[in-house]
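Engineer: Structure below; questions to follow.
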Amino acid sequence: MTREPLVLAFDTSGPYCAATLTCADVVIAECAQEMTRGQAERLFPLLQEVMAAGDTTWSQLDAIGVGTGPGNFTGIRVSVSAARGLALGLNIPAVGVDGFEARATVGCLTAIPAPRDHVYAQIPTETAPRLMPVQEAEDSARDAGLTIAPAAMPLEITRRIAALAAQRYRCNPGAPAPLYLRAADAAPARDSAPDLLDD
């Protein structure tokens, strides 16, 4: 009889740091903290807290689930890098789950919040998700006979990531990769590079 997988899922693609530990779709432990910055410093302590609350050691895990975005550029990079590092160190699969899958609701258009009254959305008539104004997403949803999906709470997202990771981890999912739909907020330096001097 196959043992049900023990999965640690986490996401920092939004203004939060969240993690859920599950086995057989049962939540063993979880934690979420709202934060607009500082996910890099907070993620591993939060994961340790969840593992301790679930009385689980790292070596017991069967898979890692991670949110791959879209969302905050730095947050996505933090969590995807952490997932890849954990997978390598523990020799277990890491499964990437994008924000649309993690928030999917029947009869709804998923619209992931973005800065300046924009959202990330997948219009039914288009082949790829993109960044767009909120009004455009609402109009497109109405035209398709859909409603905008209600905002998902961070732990709802990590529970869904854990469930999908449990379904997919045995199928050689490959290393998770960030889903970036806009450029990073940080602009490249405008100063020219310094001249190199010969010895």
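Engineer: How do the pairs read when you match residues in region 162-182 that are within 30 Å of Met132 (Cα to Cα) and touching a residue at least 12 places away in the same chain (Cβ under 8 Å) with residues anywhere that are crowded, with 18+ Cβ neighbours inside 10 Å and charged (D, E, K, R), using Cβ under 8 Å and keeping only pairs 6 or more apart or on different chains?
Structural biologist: Close Cβ pairs satisfying both conditions: Pro178/Arg77; Leu179/Asp98.
Matching residues to (1) crowded, with 22+ Cβ neighbours inside 10 Å; (2) of a type in the set (Ser, Thr, Tyr); (3) touching a residue at least 24 places away in the same chain (Cβ under 8 Å):
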position	(1), (2), (3)
Leu6	no, no, yes
Asp25	no, no, yes
Met35	no, no, no
Thr68	yes, yes, yes
Gly71	yes, no, yes
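Engineer: Among residues belonging to region 119-132 that are within 19 Å of Gly14 (Cβ to Cβ) and not polar (S, T, N, Q), point out the one that is nearest to the chain's Cα centre (by Cα).
Structural biologist: The qualifying residue nearest to the chain's Cα centre (by Cα) is Tyr120.
Engineer: Same structure, new question: Return yes or no: is Gln122 of a type in the set (S, T, N, Q) and in contact with a Leu (Cβ under 9 Å, 6 or more places away or on another chain)?
Structural biologist: yes
Engineer: If I go through region 81-103 residue by residue, how many of them are surrounded by fewer than 19 Cβ atoms within 10 Å (Cβ to Cβ) and more than 14 Å from the chain's Cα centre (by Cα)?
Structural biologist: The qualifying residues number 5.
Engineer: Within region 143-164, take every residue that is in a loop (DSSP other than H, G, I, E, B) and not aliphatic (A, V, I, L, M) and give me the one that is modelled with the lowest pLDDT.
Structural biologist: Among those residues, the one meeting the criterion is Pro150.
Engineer: Within region 45-61, is there a residue that is under 29 Å from Gln122 (Cβ atoms), out of contact with any Phe, Trp or Tyr (no Cβ under 9 Å at 6 or more places or on another chain) and among the β-branched types (Val, Ile, Thr)?
Structural biologist: There is no residue in region 45-61 that is under 29 Å from Gln122 (Cβ atoms), out of contact with any Phe, Trp or Tyr (no Cβ under 9 Å at 6 or more places or on another chain) and among the β-branched types (Val, Ile, Thr).
Engineer: Now a separate question. Could you identify the single residue in Glu30, Glu41 that is in contact with a helix residue (DSSP H, G or I) (Cβ under 6 Å, 6 or more places away or on another chain), modelled with pLDDT of 95 or more, open to solvent by 10 Å² or more (accessible area, probe 1.4 Å) and of a type in the set (Asp, Glu)?
Structural biologist: Glu30
Engineer: Tell me, which residue of region 104-117 that is open to solvent by less than 60 Å² (accessible area, probe 1.4 Å) and of a type outside the set (S, T, N, Q) is farthest from Pro70 (Cα to Cα)?
Structural biologist: Gly107
Engineer: Return yes when Tyr180 is hydroxyl-bearing (Ser, Thr, Tyr) and assigned to a helix (DSSP H, G or I) and no when it is not.
Structural biologist: In short, no.
The values are calculated or read from the model by the stated rules, or taken from the named source; none is laboratory data. None of the values given here were measured: they were computed from a predicted structure. Don't worry about glycine lacking a Cβ; one is built from the backbone with ideal geometry, like all the others, and counts go over all protein chains shown. Calculation scope for accessible area: heavy atoms of the full protein, side chains included, ligands and nucleic acids excluded. Shrake-Rupley method; radii C 1.70, N 1.55, O 1.52, S 1.80 Å.
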